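**Student:** Dumping the structure here so I can ask a few things about it.
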Amino acid sequence: MDRAYGERWDAAIDDRGVADERSFYAGSGSLRGEAGHLGWRVGHYFRRPPTGYVQTIATGRSRIHNPHLAEYYEVIKTLTRDPLWDRRRLATIVRFQIGYYDGLLRAAR
C-alpha cells in the first residue's frame, strides 16, 4: 500500500479489508484524537484505534466494542456524512457544539 501517514483511518483499509498500520499515526479520523498515544515518531504519535473501529470502517456496520464510543462514532458519522441541510444533522450540530455528547467521551475512558 502506498499511503500517506496522515490519511483518514478508513483509507487504511485495503481491498481485502486489511488495515495499513502506517495510517494510524496522528492526522484526521473521527476517534483518533480520543485514543491515547502508544509511541511516537517525529511529528506523529501512534494511536491505536478503538477495538472494532477497523471492522466498522471495512464493513460499514458498527463493530466498536465500547458502547459509548460506538454511540459517539454514530454522532460523528451524522455530522460528517448526512445530507448538508438535513434536520437531524443540523440538530446534531447544535447539540455537539453545546457539549451534549461530551459525556459519551468521558464515559468511554
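**Student:** Considering (1) at pLDDT 95 or above; (2) open to solvent by 30 Å² or more (accessible area, probe 1.4 Å); (3) among the aliphatic types (A, V, I, L, M), say which one residue 75 fails and leave the rest.
**Tutor:** (2)
**Student:** Starting from the stretch 87-109, keep only residues that are in a helix (DSSP H, G or I), then list their pairs with residues that are open to solvent by 30 Å² or more (accessible area, probe 1.4 Å) and at pLDDT below 95 whose Cβ atoms are within a distance under 7 Å, requiring at least 6 positions of separation or different chains.
**Tutor:** From residues that are in a helix (DSSP H, G or I), the pairs are 105/34.
**Student:** Between a residue in the stretch 49-76 that is closer than 14 Å to residue 108 by Cβ and in a loop (DSSP other than H, G, I, E, B) and any residue that is of a type in the set (Val, Ile, Thr) and open to solvent by 70 Å² or more (accessible area, probe 1.4 Å), which pairs come within a Cβ distance under 8 Å, given they are 6 or more apart or on different chains?
**Tutor:** 64/51; 65/51; 66/51
The values are calculated or read from the model by the stated rules, or taken from the named source; none is laboratory data. These numbers were taken from a predicted model, which means no experiment stands behind them. Cβ sites come from the backbone with ideal geometry, for glycine too, and all protein chains shown count toward neighbours. Accessible surface areas use protein heavy atoms only, side chains included; no ligands, DNA or RNA. Shrake-Rupley method; radii C 1.70, N 1.55, O 1.52, S 1.80 Å.
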